[in-house]
């Protein structure tokens with residue numbers, strides 16, 4: 001199994017919304033992909049809770065590296081990604097394999 005983590009900082013204002021509103025949109029759109037993309041086992045998005053940390057975090061699980069790559073290039077994910085890139089200021093990501 002591949003675990004995929006992404007951390008974002010959000011712009012104060014972008015796409016007509018503030019951090020909280022845009023974070024909620026990202027959460028709803030990404031979590032809405034579960035069950036629609038083969039190989040995506042689990043996906044959860046939540047706001048950072050400690051001051052000074054990242055604004056938003058994604059945790060997801062995939063069958064294997066091929067499934068992660070399929071997700072990354074899937075049209076439904078790419079559609080969400082356009083909005084995400086419009087409203088974020090910083091991003092970090094890490095993928096790792098686990099049993």
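Would you mind stating whether residue 15 is farther than 23 Å from residue 94 by Cβ and touching a residue at least 60 places away in the same chain (Cβ under 8 Å)? Taking the combined requirement at face value, the residue satisfies it. Number of residues in the stretch 57-99 that are out of contact with any strand residue (DSSP E or B) (no Cβ under 7 Å at 6 or more places or on another chain) and modelled with pLDDT under 95 equals 1. Looking at residue 38, is it in contact with a helix residue (DSSP H, G or I) (Cβ under 9 Å, 6 or more places away or on another chain), exposed (fewer than 13 other Cβ atoms within 10 Å of the Cβ) and under 22 Å from residue 16 (Cβ atoms)? Considered against the rule, which asks whether it is in contact with a helix residue (DSSP H, G or I) (Cβ under 9 Å, 6 or more places away or on another chain), exposed (fewer than 13 other Cβ atoms within 10 Å of the Cβ) and under 22 Å from residue 16 (Cβ atoms), residue 38 comes out as no.
Scanning the stretch 43-90 for residues that are within 12 Å of the chain's Cα centre (by Cα), loosely packed, with under 13 Cβ neighbours inside 10 Å and assigned to a strand (DSSP E or B) yields one hit, 46.
The values are calculated or read from the model by the stated rules, or taken from the named source; none is laboratory data. Worth saying up front: this structure is predicted, and the values here are computed from it rather than measured. Every residue, glycine among them, receives a Cβ derived from its backbone with ideal geometry; neighbour counts consider all protein chains shown.
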